[in-house]
Every structure is written in structure tokens, then in C-alpha cells.
Amino acid sequence: MAAFCKGRYRCKRQLVHQILTRGLTGKYDYDLVVVGGGSGGLACSKEAAQFGKKVAVLDYVDPTPKGTKWGLGGTCVNVGCIPKKLMHQSALLGAAVKDARKYGWNIPDPITHDWPTMAEAVQNHVRSLNWGHRVQLQDKKVKYFNMKGSLVDEHTIRGVSKAGKETLLTAANIVIATGGRPKYPVNIPGAMEHCITSDDIFWLKESPGKTLVVGASYVGLECAGFLTGIGLDATIMVRSIALRGFDQQMANLVTDYMESYGTKFAWKCVPKKVEKLSSGALQVTWEDTGSRREEQDTFDTVLWAVGRAPETKTINLENVGVALNKESGKVIVAADEATSVPHIYAIGDIGEGRPELTPTAIQAGKLLARRLFNASRELMNYDNVPTTVFTPLEYGCVGLSEEEAEKRHGKDGIEVYHAFYKPLEFTVAERDASQCYIKVVCLREGDQRILGLHFTGPNAGEVTQGFALGFRCGATYHHLLDTVGIHPTCAEEVTKLHITKRSGLDATVTGC
Ligand code: FAD
Ligand code: NDP
């Protein structure tokens with residue numbers, strides 16, 4: 001029974017009826033109800049349906065303060081990985097067009113970029129994915145509700161549609177997969193009123209123009225990177241360091257490259273206020289924490305990339321007994337994605353301590369469905385998840401940073417093999433390759449098991465994905481040396497690493 005209720009009173013009556021009926025029959029409307037139709041929720045619901053289970057998924061997008069909204073598929077599809085990678089590609093093409101002249105192409109000057117053309121094409125692709133997800137749910141017989149879900153009890157979900165219509169669904173199992181949304185900073189006048197976040201940038205119909213990006217992690221660097229790449233004036237405001245948690249030598253190479261290709265950096269600066277001038281421009285005041293001086297500049301757009309907040313506040317989780325981490329607001333989860341309430345699970349970005357990445361959300365969702373309905377006992381392995389930052393010079397890595405490896409094994413317990421290399425594509429194009437670098441961090445003893453692999457260069461995601469398999473299989477430095485390279489590629493440079501950092505020898509690759 002998934003009846004509609006018109007008033008509060010009828011809903012309550014219906015609920016009492018449902019709970020009593022459930023007590024008597026032990027039956028629910030669904031074997032599984034998933035709240036949140038993003039990367040994790042869709043994967044989990046489709047997998048469960050494959051086992052012949054009765055499954056429903058609720059997905060609902062609250063518009064941003066600027067009014068941006070989108071369709072089914074969650075962050076990755078609509079306001080994350082997909083539009084981001086496509087706009088990154090647009091930027092890479094700009095660089096390629098410049099290279100092309102050196103390769104003999106006659107390209108008229110100046111080359112210009114048209115935001116509306118790019119944005120429309122990207123947005124149309126995203127819409128096609130929204131449609132594709134709806135069709136897939138239909139094909140797999142997963143019932144889709146475009147409703148905002150909240151918990152009533154450990155087996156009951158209340159769904160509310162845009163028009164305010166309420167639906168109660170009962171389920172043997174509930175999976176919470178509501179992801180997160182970008183944060184706005186507190187105590188900065190004008191922050192929410194005048195500025196945007198990554199939830200808006202990909203849906204702008206007109207160019208954002210001169211842009212200030214506040215925050216220097218994945219989102220900030222990637223957004224500022226593609227904005228620079230398509231020819232816009234972009235500045236990143238960094239309050240501390242870039243890419244916290246990543247290997248800092250690699251992070252510095254990424255930002256050095258960005259700086260040399262035109263992205264501006266306001267290092268050690270914190271924003272104070274954003275005012276809208278009568279011209280429509282945004283005047284930002286910030287403090288340079290080094291000099292303690294207050295500074296100002298005007299921008300067309302200010303984008304906050306200061307982290308994400310989990311969507312756990314409006315789901316009534318705590319009232320049902322689902323324990324949250326008080327500081328982060330994320331759901332406390334066990335290794336099997338179980339929450340503190342039996343039959344309620346949480347996957348993806350809202351899980352405390354989980355990587356905020358699409359492939360981990362998908363894999364966790366599929367494995368959970370199998371454990372629930374297919375007698376599988378396989379748990380998600382969250383260790384050593386590979387990742388790539390899609391900055392103008394891409395950075396891919398798997399495993400430990402050099403700092404973390406040193407912390408765990410001591411400086412004398414690790415061996416770092418490294419190389420500065422020049423991608424062949426850069427030679428004819430006369431591109432500077434100073435930041436193209438590879439570093440493999442190994443245990444120093446025995447077979448020298450690889451602890452971490454880091455790569456900056458073209459197609460870092462593709463390169464890192466391949467080596468991630470070796471990493472998963474426990475590869476050692478000797479396995480790496482035994483691997484025959486594919487010539488001429490950037491990835492083959494990984495298989496040729498022979499200079500240790502400890503030796504102090506020049507790590508620049510010479511010859512081919
Ligand atoms: P989401 O995909 O966020 O899905 C949650 C869904 O639940 C949303 O549709 C939401 O609207 C809905 N919802 C929320 N509350 C309710 C409710 N009460 N009822 C019903 N529905 C609700 N990851 C990568 O691996 N690679 C990348 O390149 C990458 N790029 C990114 C770029 C950006 C700009 C951002 C912001 C993120 C990026 N990510 C990337 C991270 C990735 O998008 C997330 O890790 C992933 O989407 C998390 O999936 P999820 O299922 O946990 O949540
Ligand atoms: P993060 O939480 O990783 O980083 C937030 C950044 O904002 C940090 O640089 C932080 O600085 C800074 N910051 C926070 N508050 C303020 C403030 N008040 N003023 C100035 N700066 C501030 O968030 P992101 O949004 O970048 O990324 C969220 C997650 O999304 C990532 O962890 C990642 O898992 C996922 N993602 C993955 C991508 C990929 O796979 N390519 C791409 C994009 C996102 P400080 O270090 O000083 O705290």
C-alpha cells in the first residue's frame with residue numbers, strides 16, 4: 001500500500017493503520033526503499049531489483065538559493081563529475097587548439113570561446129542522462145517517486161511531492177543515500193545573497209566572467225582550472241594550503257602549473273564580505289592573513305567551494321534513532337553500511353568517513369543490495385581508493401601520500417622513486433613540462449611493496465586507473481620494473497622509475 005493522504009489527520013490514521021497491519025502481517029509495501037537517487041541510491045536500487053525484489057527510490061532536489069535545480073541522478077550527473085569533466089574537456093581543447101598551430105593547423109586568431117554554446121551542450125547531455133536514469137529504473141521495475149523523503153519510523157518513509165502531496169511507504173529495509181550540498185560560509189555578509197556554488201556554475205546560461213573561487217580543494221581547483229582554460233579571469237582564494245590531505249609536493253605542482261597557465265592565487269587570504277555595486281559587479285573584501293592587510297577587488301561572479309554539508313538535517317534521522325556524528329552531521333555507519341537502527345543503512349557521501357566519490361558510492365550500493373538480497377557477504381573495501389583531480393594538469397593518485405607513508409613507516413622505512421618527465425605531446429607544442437612528475441612511494445624493505453603512486457600529466461585518470469589494479473593486487477616496486485611499458489606513452493614512465501629521492505640524483509628523464 002502506497003496510498004496518498006490529503007491531510008495531516010488522514011496521514012496519521014493511515015500510518016496507525018499501516019503500523020498495526022504490519023504488526024499483524026509482517027508485510028511491507030517494499031523490500032527496499034532508497035531515499036536519494038544519486039550515484040549510490042540508483043546503483044543500490046537497481047541491483048536489488050535484479051534479484052526480483054520490490055524496490056522504490058525517492059529523489060528530490062531542493063533548488064539552490066539562486067533557484068538552480070536539476071533532474072534525477074544526483075550530484076555526479078547534474079552538478080559534479082559529468083558537467084565538470086565536460087567543461088574540463090572544453091578547456092583542454094582550448095589548449096589543444098593552441099598546440100595545433102605548432103602541429104601545422106592554420107587556426108585564425110584570436111580563438112574565442114562561447115560559454116552559452118558549451119553550457120547548452122553540457123546541459124543537454126546531462127538532461128539525456130536524467131532521462132536515461134528514469135528509463136533504467138522503469139526497465140528494472142524500480143518505482144521512482146519524485147518526492148522528498150523523511151523517516152517516520154524504522155520501516156516507514158514519508159514522501160512529499162513538490163505540490164505538497166504526501167505518500168507513506170513501508171519497507172523491510174531502508175537505505176539513506178541523500179548525499180550532500182555545497183556549504184556557504186557563515187558570518188560573511190553577502191555570501192549567500194550574491195554568490196554561487198558548484199550547484200549553480202554548470203547551469204549558468206551566460207558566462208560567469210571574472211570569477212573568484214573561494215576554497216582550494218578538488219572543487220575549487222577544478223572549477224578555477226576550467227574557467228581559466230576557457231579564457232576567463234579566475235582567481236582562487238586559499239586560506240591555508242591547496243588540496244589538503246593530498247601529497248603536498250604533488251599539490252604544489254598542480255597549483256604551480258595552474259599559476260603558470262594564468263590562474264591567479266590569493267594565498268593565505270580569507271574573505272570578509274561581498275557587496276553588490278550599482279554596476280552589478282561584486283566587490284569582495286578579504287584579509288591577507290600574512291600581512292594582516294585588508295584588500296578589495298571586484299568580480300562578476302564569486303563561487304564558494306568551501307566544502308559540502310551532508311543532507312541529513314531534514315530526514316528526521318535522529319528522531320528515529322539513527323546516530324549522526326555531531327561535528328560533521330554525517331551518518332555513523334558500520335563496515336556493512338548499517339546505521340545504529342536495524343534495517344536502516346546509509347551509503348555514499350552521507351556516511352561518516354567514506355570517500356566522497358561516485359565509484360565508491362556505486363560499489364557500496366551494489367554490494368549492500370547483494371548482501372541484503374543475494375546471500376553475499378562481501379563488504380566494500382574503502383582502502384586505497386584511486387582518485388584524480390581534473391585540474392589543467394591532471395593529478396591522479398592511489399594509496400598513501402609521501403607524508404602519510406613517512407608518518408606510518410618512518411623516513412628510513414620508505415623508498416621514493418621519482419621522475420620529472422616530458423610528455424611527447426608537449427615537445428612539438430613547446431609546452432613547459434616542469435610539473436609533469438611521477439612518484440612511487442614504496443616500503444624500503446623486502447620486495448618494496450608500493451604504498452602510494454602519484455602522477456601529474458595528461459590523462460592522469462586513465463593512467464592511474466590502470467595502476468590501481470596493480471596496487472589492489474599488492475604490487476611491489478619489482479613488479480613495476482618487470483612490467484613492459486607501452487611506447488610512447490606517459491604511463492610507461494611509471495614502469496621506468498629508477499632514481500630514488502634519497503640519492504639526490506637529478507630525476508629528469510632524458511632520452512626516450
Ligand atoms: P548524490 O549523488 O549527491 O545523490 C543524492 C541524491 O539524493 C540527490 O539527488 C539529492 O537531491 C537527493 N536527496 C537529498 N535529500 C533527499 C530527500 N530527503 N529525499 C529524496 N531525495 C533526496 N566524484 C568522482 O568520483 N569524480 C569526480 O570527478 C567528481 N567530481 C565532482 C565535482 C563536483 C563539483 C562535486 C560537487 C562532486 C564531485 N564528485 C566527484 C563527488 C560525487 O559527485 C559524489 O561523491 C557522489 O555524487 C555521491 O553520491 P551519493 O549517492 O552519495 O549522493
Ligand atoms: P573540501 O572539504 O575538500 O575542501 C574545502 C576547501 O575550502 C578547502 O580548501 C578549505 O580550506 C576551504 N575552506 C573551507 N571553509 C573556508 C572558508 N570559510 N573560507 C575559505 N576557505 C574555506 O571540499 P570540496 O568542496 O572541494 O570537495 C568535496 C568533496 O567532493 C571532495 O572531498 C571529493 O571527495 C569530492 N570531489 C571529487 C572530485 C573528483 O573526484 N575529481 C571533484 C570534486 C569533488 P582548508 O584546507 O584550510 O580547510
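The values are calculated or read from the model by the stated rules, or taken from the named source; none is laboratory data. The shown structure was predicted, so the numbers you read here are calculated from the model rather than taken from an experiment. Every residue, glycine among them, receives a Cβ derived from its backbone with ideal geometry; neighbour counts consider all protein chains shown. The area values use the complete protein model at the heavy-atom level, side chains included, leaving out ligands, DNA and RNA. Shrake-Rupley method; radii C 1.70, N 1.55, O 1.52, S 1.80 Å.
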The alpha-carbon center of region 199-266 and that of region 384-448 are separated, in whole Å, by 21
Going residue by residue through region 291-306, the Karplus relation 6.51 cos²θ - 1.76 cosθ + 1.60 with θ = phi - 60° gives ³J(HN,Hα) values, rounded to whole Hz and with x marking Gly or Pro, of 8, 6, 8, 8, 10, 9, 7, 10, 9, 7, 9, 10, 10, 7, 10, 9
Dimensionless Rg/Rh of region 314-441 - Kirkwood Rh, Rg from C-alpha atoms | 1.13
Could you give the nm distance between label points at T285 and R244, where each point is 7 Å from its Cα heading toward the beta carbon?
-> 2.6
Quick one: Cα centre-to-centre distance for region 304-362 and region 73-108, in angstrom?
-> 34
Cβ under 13 Å from Q465's Cβ, Q465 left aside: what net charge do those residues give with Lys, Arg +1 and Asp, Glu -1?
-> -1
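How do M258, M380 stack up against each other in accessible area, from largest to smallest, with a 1.4 angstrom probe? Don't jump to the answer; show the numbers that get you there.
Values: M258 0, M380 25 Å².
Reading off the accessible areas and sorting them downward yields M380, M258.
In Å, what Kirkwood hydrodynamic radius results for region 115-267 from the alpha-carbon pair distances?
Numbers: mean 1/r = 0.0524 Å⁻¹.
For region 115-267, the Kirkwood estimate is 19.1 Å.
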Please check which bits of region 272-292 a label hung off E193 would reach, taking the label as a point 7 Å along Cα-to-C-beta and the cut-off as backbone N under 17 Å.
-> 272-286
Listed peptides 279-285, 335-341 by packing density, highest first (mean Cβ within 10 Å) = 335-341, 279-285
Convex hull volume per residue for the chain, taking Cα atoms only, in Å³ | 181
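Can you compute the helix-only [θ] at 222 nm over the chain? Use -39500 (n - 2.57) per DSSP H run of at least 4 residues, normalise by all residues, nearest 500 deg cm²/dmol. Intermediate results must be reported in sequence, preceding the final value.
Numbers: 16 runs with 173 residues, N = 512.
Estimated from H runs of four or more residues: -10000 deg cm²/dmol.
What is the local net charge at V333, summed over the other residues whose Cβ is closer than 9 Å to its Cβ (Lys, Arg +1; Asp, Glu -1)? Spell out each step's value before the answer.
Numbers: positive: K330, R354; negative: D336, E337, E352.
Result for the neighbourhood of V333: -1.
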Measure up K84/K273; K53/K313; K422/K496; K53/K84; K84/K205; K264/K407 against 24 Å on the Cα-Cα distance and list the ones that go over.
-> K84/K273; K53/K313; K53/K84; K264/K407
Potential extension, K407-T508 segment - 0.36 nm per residue separation minus Cα distance = 33.7 nm
Using 7 Å Cα-to-Cβ label points, what is the K69/D432 separation (nm, one decimal)?
-> 4.7
Suppose R0 equals 60 Å; then what is the FRET efficiency for R449 and E120 from their Cβ-Cβ distance, rounded to the nearest 0.05?
-> 0.75
Karplus-derived 3J(HN,Hα) from phi for region 318-324 (6.51 cos²θ - 1.76 cosθ + 1.60, θ = phi - 60°), whole Hz, x at Gly and Pro, runs 5, 5, 8, x, 6, 6, 10
Roughly what would the spin-label model give for K205 and A309, points 7 Å off Cα along C-beta, in nm?
-> 2.9
Output ³J(HN,Hα) for region 499-511: one whole-Hz value per residue in order, computed from phi by the Karplus curve 6.51 cos²θ - 1.76 cosθ + 1.60 with θ = phi - 60°, and x for Gly and Pro.
-> 8, 8, 4, 4, 5, x, 6, 5, 9, 6, 6, 10, x
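Output the DSSP H helices from the chain with an along-axis C-alpha extent of no less than 20 Å and a mean Kyte-Doolittle hydropathy no less than 0.0.
Numbers: long enough: 8-25 (25 Å, -0.70); 81-102 (32 Å, -0.06); 115-139 (36 Å, -0.78); 358-373 (23 Å, 0.27).
Those that pass (Cα extent of 20 Å or more, hydropathy at least 0.0) are 358-373.
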Quick one: which of 367-377, 498-508, 191-201 comes out on top by average Cβ neighbours within 10 Å, and what's the full order, highest first?
-> 191-201, 367-377, 498-508
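Let's test the formula: R0 of 41 Å, r as the Cβ-Cβ distance of K98 and K276. What FRET efficiency results, to the nearest 0.05?
Numbers: r = 35 Å, r/R0 = 0.87.
Once rounded, the FRET efficiency stands at 0.70.
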Sorted by packing (mean other beta-carbon atoms within 10 Å per residue), highest first, where do 95-103, 78-86, 130-138 land?
-> 78-86, 130-138, 95-103
